[in-house]
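One structure is given here, and the rest of the page talks about it.
The values are calculated or read from the model by the stated rules, or taken from the named source; none is laboratory data. For clarity, every value in this text was computed on a predicted model and none was experimentally measured. Heads up, the Cβs are rebuilt from the backbone with ideal geometry, glycines too, and the neighbour counts pull from every protein chain shown. Please note that ligands, DNA and RNA were not included when accessible areas were found on the heavy atoms of the full protein model with its side chains. Shrake-Rupley method; radii C 1.70, N 1.55, O 1.52, S 1.80 Å.
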Amino acid sequence: MAPQLRRAAALRGEVLMAMILESAAFENGGSIPIPYTPAGEDLSPPLEWSGVPEGAESLVLIVEDRDAPFDEQVHWLLY
């Protein structure tokens with residue numbers, strides 16, 4: 001979460017919870033293993049959400065490649 005949002009929430013006396021998305025298939029910040037890529041079996045990695053706000057009706061994950069040669073490339077769009 002952006003530091004500005006944390007400060008604003010703290011000034012209002014709010015407690016913020018972090019929403020976390022993890023996978024047992026790879027480490028945070030690590031490379032996605034070959035079986036989960038088009039070069040492998042193109043499997044979807046297992047994902048586990050925690051800290052989802054109460055009342056949330058849907059979640060979206062967008063994975064972009066900002067280093068693509070011509071423009072940002074969307075690899076995944078999950079909802």
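Remarks
- Region 1-48 - residue that is in a helix (DSSP H, G or I), at pLDDT 85 or above and out of contact with any Pro (no Cβ under 7 Å at 6 or more places or on another chain) and, of those, most open to solvent (accessible area, probe 1.4 Å): Ile34
- Qualifying residue in region 52-71 (condition: open to solvent by 70 Å² or more (accessible area, probe 1.4 Å), at pLDDT below 85 and in contact with a Leu (Cβ under 6 Å, 6 or more places away or on another chain)): yes
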